Structure formats: structure tokens, C-alpha cells
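The values are calculated or read from the model by the stated rules, or taken from the named source; none is laboratory data. Quantities reported herein were computed from a predicted structural model and do not represent experimental measurements. Methodologically, a virtual Cβ is constructed for each residue, glycine included, from the backbone with ideal geometry; neighbour enumeration extends over all protein chains shown. Heads up: the accessible areas ignore ligands, DNA and RNA and are worked out on the full protein's heavy atoms, side chains in. Shrake-Rupley method; radii C 1.70, N 1.55, O 1.52, S 1.80 Å.
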Amino acid sequence: MPGQEGVPGLEDECCFVLVFIDHLKLCFAEINIFWSAHQAHHSSEDYNLTTALRQSVLQRYISWMFYLPMALFIPPSVYAVHLQFNLLYQFWIHTEVINNLGPLELILNTPSHHRVHHGRNPYCIDKNYGGTLIIWDRIFGTFVAENDKVIYGLTHPINTFEPFKIQLHHLVYIWKTFWATSGFCNKFSVLFKGPGWEPGKPRLGLPEELPVITGKETSFDPIMPASLRIYVVAHFAVLLSFYVDMFATKATLSQITVLLRIVYIILTLTSLGFLMDQKPKAATLETVRCSIFLVLHRLGYLKTYIDSLAFAYEAWYCSLCIGHPRL
């Protein structure tokens, strides 16, 4: 809206509204179908800065509806700037390094408050929704201070590194539950009540049905041979180089090249997940993936940073694939 950029206090109001809507968006984790688009972020059983980057592929199809009303009174440029600041703020709070920040704990969402939000302890469930400010949780009664040792992850751990299952398992669960539940109202409730709801139970389910947390829980860490760990790390490093190159040159690449690289990245992540989970078909899938790499690299759809090393790089990759650990 023309001229609004100069309205006194508009940016402050935008910031205030944005952080409130961000709190509202996280509150919708209490709605089953929306939780399916956010649970991947909470599935990590570790809590560090990489957890902030662990996002759902579905979340972008949900988040926009919470910000859309702002288009009625917030200029796009003001909204865009404050949205980025809001996202950047929420990155650094994913850490166990910082403990208590004193008086700031009363107003801001801090690492301590957000650790609670990521916990699966009964006292952590559906708490501390705030993205930047914690005052909303204090106002609406969803605030709780960090107390007992926080155990991170989902209440029912999925115990896998396979990306499709991590991203979509809850959506599959909703689909099965929806068709197994009789009655229109009950089916509607499966979608729009809490993840723990069942017929005859409260909207968010029964707290006493949550798994007991002893504080001695360990993260999912399957026993793998050292050779398999080295193999997975080496191929993941190679994958990162392809991703960085694609991100830097995407404007100059053809659509088919971008599509093939995206498919290859997804295939690699899936295959490495199979290897780490040590699934029966992992060796077969990895052989197929390595073959596809050699074809794409030979045809020029995958490139190294140094063209003169292309042959050596291809030979090295081939030797890794041929020598990959048999499961």
C-alpha cells in the first residue's frame, strides 16, 4: 500500500504482529494435519544448530495461510524484512551450549525455552510455542520453564535415517487412521484435533498415555562398521559438493539438468539412509545409485569443480561404489 512505509511505528507494529502470528503458527502443532507438516523438525533426537535446518518439505504449503492476513495491512517490503529477521532469530536458539539468559528469559524465546518445546517429556508436550517472544506463552498459559533433563524427539521415535519416512510417516499414519475411523465427525476430528486424539478422548488425547520418560533414553544410533560410516560420510561429502554447485549455477542450468540433479540428490539421501538403517535392499539400491551417478557424470549432468580432475574423480567414486560394504 503506497505511502505506508513512512507511517510512524508501522515497522514496530509489523514486528509485533509477525511474532504473534509465528506463535499462532506453532500452536497449530496441536492440529493433526498441520503437525504432519512440522513433525520432521521435531524428529531429531539431538538438539543443535543443525536441528534448525531439519525442516519438513510440507511446511511451506501450510505456513503461508497464517501470514496471508498480514497482506491486508503490512507492506510486502516491511513484511519480508521482518520475516527474515524472525527466521534468523530462531536459528541460534537451537543449542544446548547456552543455559540461562537472566532477565531476557522473561520476554524472549531463549535456548532454554525452546529446548522445552523440542522435548518429549510429558511436561514439555504442547509448550513454549513462541518463535521470538515468549510473552505469548506466558499470556495464554502454554509456558513452562526448563526443569528435568529434556529428552528430544517425537513421543514415539521412528528410529530411521530414511528421508521419505522421516518426512511422510505421520501423513501415512493420518491416512490410515482416517479410513479406519468410522463416522464423518470422527474422521474430521482425526484431521483437525490433536495427534493423540481418538474417539472418546479429549481434543489433545490423554496425557497419561504418553510414554514414560526416565531420563536414561539414548538417541537412535545403530551399530555400523567403521568402513560403512566412512563410506556414508564420503558420499555425503560428494553430495554436498553437487548441491553447492547446483545452488550456485542454477540460473545457467537447463530445467532437465536441475531436475536430474534434484532426483539424484533425493536418491542419494534415500540410499544412504537405507545403508545406515542396514535394510536388506540397501546394497541393491546403492548399486543402482552408483550406476546412475556414472551415467549422469559421463553425460555432463553432474560436474566436478575442476574439470581436469573429472576422470580421476569418476574413477575414485567408482572405486568407492564397487567397494561399498555389503550388508
query = With all protein chains present and a 1.4 Å probe, how do 79, 67 order by accessible area, largest first?
reply = 79, 67
inquiry  = Using protein chains only and a probe of 1.4 angstrom, how many square angstrom of residue 185 are accessible, to the nearest 10?
reply    = 100
Area of residue 45 that stays accessible when all protein chains are in place (1.4 Å probe, Å², to 10) = 40
Surface share of carbon and sulfur [accessible, 1.4 angstrom probe, percent] for segment 158-231 = 67
remark   = Order by accessible surface, 1.4 Å probe, largest leading, for residues 51, 177, 287 comes to 287, 177, 51
request  = Could you tell me what fraction of 2.2 N^0.38 Å the Cα radius of gyration of segment 101-232 comes to, as a two-decimal ratio?
outcome  = 1.30
note = Simple SL model, points at 7 angstrom along Cα→Cβ for residue 97 and residue 236; separation in nm is 1.9
remark   = Output ordering of 110-123, 83-96 (per-residue mean of other Cβ within 10 Å, highest first) is 110-123, 83-96
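Looking at segment 90-136, I'd like the Rg to Rh ratio, where Rg is from alpha-carbon atoms and Rh is Kirkwood's inverse mean 1/r. Display every interim value, and only then the final one.
Details: Rg = 10.0 Å, Rh = 10.7 Å.
Looking at segment 90-136, the ratio lands at 0.93.
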query = Top to bottom by accessible area (1.4 Å), largest first, where do 257, 252 land?
reply = 252, 257
remark   = Expressed in square angstrom to the nearest 10, the accessible area of residue 140 with a 1.4 Å probe stands at 120
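Please sort 68-77, 157-166 by packing, taking for each peptide the average over its residues of neighbouring beta carbons within 10 angstrom, highest first.
So the peptides 68-77, 157-166, ranked by packing, come out 157-166, 68-77.
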request  = Please work out the ratio of the alpha-carbon Rg of segment 229-309 to 2.2 N^0.38 Å and round it to two decimals.
outcome  = 1.11
